[in-house]
1. Report the Rg/Rh value for segment 26-88, based on alpha-carbon coordinates and the Kirkwood definition of Rh.
2. Taking the Cβ of Val156 as the center, what net charge do the other residues with Cβ under 14 Å away carry, scoring Lys and Arg +1 and Asp and Glu -1?
3. What residues from segment 8-24 fall in the zone where the backbone N is under 14 Å from a label point 7 Å along the Cα-to-C-beta line of His101?
4. Please go through segment 163-264 and write out the trypsin sites (Lys or Arg not before Pro) that DSSP classes as loop and that have at most 14 other C-beta atoms within 10 Å.
5. Let me check against my output: what whole-number percent is the relative contact order of segment 5-262, with C-alpha pairs under 8 Å and at least 6 apart?
6. Which number comes out as Rg/Rh for segment 185-264 once both Rg and the Kirkwood Rh are worked out on C-alpha atoms?
7. I want the local charge near Thr107. Using Cβ-Cβ distances under 14 Å, sum +1 for each Lys or Arg and -1 for each Asp or Glu among the other residues.
8. Using a simple charge model, +1 on the beta-carbon of Lys and Arg, -1 on the beta-carbon of Asp and Glu, nothing else, what dipole does segment 140-246 show about its Cα centre, in debye to the nearest 20?
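FYI, it's all coordinate maths here, none of it is from the lab. Keep in mind the model is a prediction, meaning the values are calculated, not measured. Every residue, glycine among them, receives a Cβ derived from its backbone with ideal geometry; neighbour counts consider all protein chains shown.
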Amino acid sequence: MRRKIVVANRKMNGDMPSNQAFLEGLVSATLSHQRADYVVCMPHPYLFQAQAILKNTHVHWGGQNMSRYQSGAHTGSVSPPMLKEFGCEYVIIGHSERRLHGHDTDTSTGERFEVAIQSGLIPIFCMGETLEEYEDGATDIVTIRQLNAVITEIGVQGLSGGVLAYEPVWAIGTGKAATPGHAQNVLSFLRGHIEMLDAELAKNIRILYGGSVNSANAEQLFAMPDIDGALVGGASLNTEEFVGICLAADRASATNQNRLVSFP
């Protein structure tokens, strides 16, 4: 059974007092709700704080991006060993904001996915179409192109070391989330594409939805059979909202476990 996972992408937000309140509040509120996984991806300067607060807890942490290189003359970049030194287990790769403003390409995100795996990090790989592409009916074409860039780089079995996330660009930070039905259709399509290459991997790989997820719509999203959790942006800046999403994932995991017991 695929375990639900909720990932906070706090983007370029926070300061030390608010970070501490969020991280400590998250640990406390989910202490007795550990049937799902919880990850916080912090701005890089605050990874030391995440490590100090989250070490030896059930909450994991990670970076929001990383270089393809281990070291060298790459001013402003952060290497995989640097993330590892601060205890990161996860790293976001290919977020649309990096594709739009950070010059990420399909090829470079595929390369970084491979480097993350080689470095012992779990890449959270983002895919998604713009509003124009969505209105043109190109969602499937765009997401498969982005996914295939990784498969070309590392092979389909290489996906097993990562987590996939469908994040339609038109839903990020707009308050306009994809309907549960639309998100399910896209994730089912992506899983079906993987299934044609490796059926066992398709059963086990976790695929998330991201884009205006909040505590009000999380329950319906997590009830969909192919939605294994969420990559959360804006709602991760509010402890109560983010905890609400985590608890929805915990309840969904409990429901799935009960189904397995009822139908062995």
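1. Details: Rg = 13.5 Å, Rh = 12.7 Å.
Dividing the radius of gyration by the Kirkwood radius yields 1.06.
2. Charge balance near Val156 sits at -3.
3. Flagged as within label range: 10-14.
4. Numbers: sites: Lys176, Arg191, Lys203, Arg206, Arg251, Arg259; in loops: Lys176, Arg206.
Answer by residue number: Lys176.
5. Numbers: 465 pairs, mean separation 50.7, N = 258.
Reported relative contact order: 20 percent.
6. On the way: Rg = 13.9 Å, Rh = 13.6 Å.
Looking at segment 185-264, the ratio lands at 1.02.
7. Values: positive: Arg68, Arg98, Arg99, Arg112, Arg145; negative: Asp104, Asp106, Glu111, Glu114, Glu153.
Charge balance near Thr107 sits at 0.
8. Working: 5 positive and 11 negative charges, 30 e Å.
It comes to approximately 140 debye.
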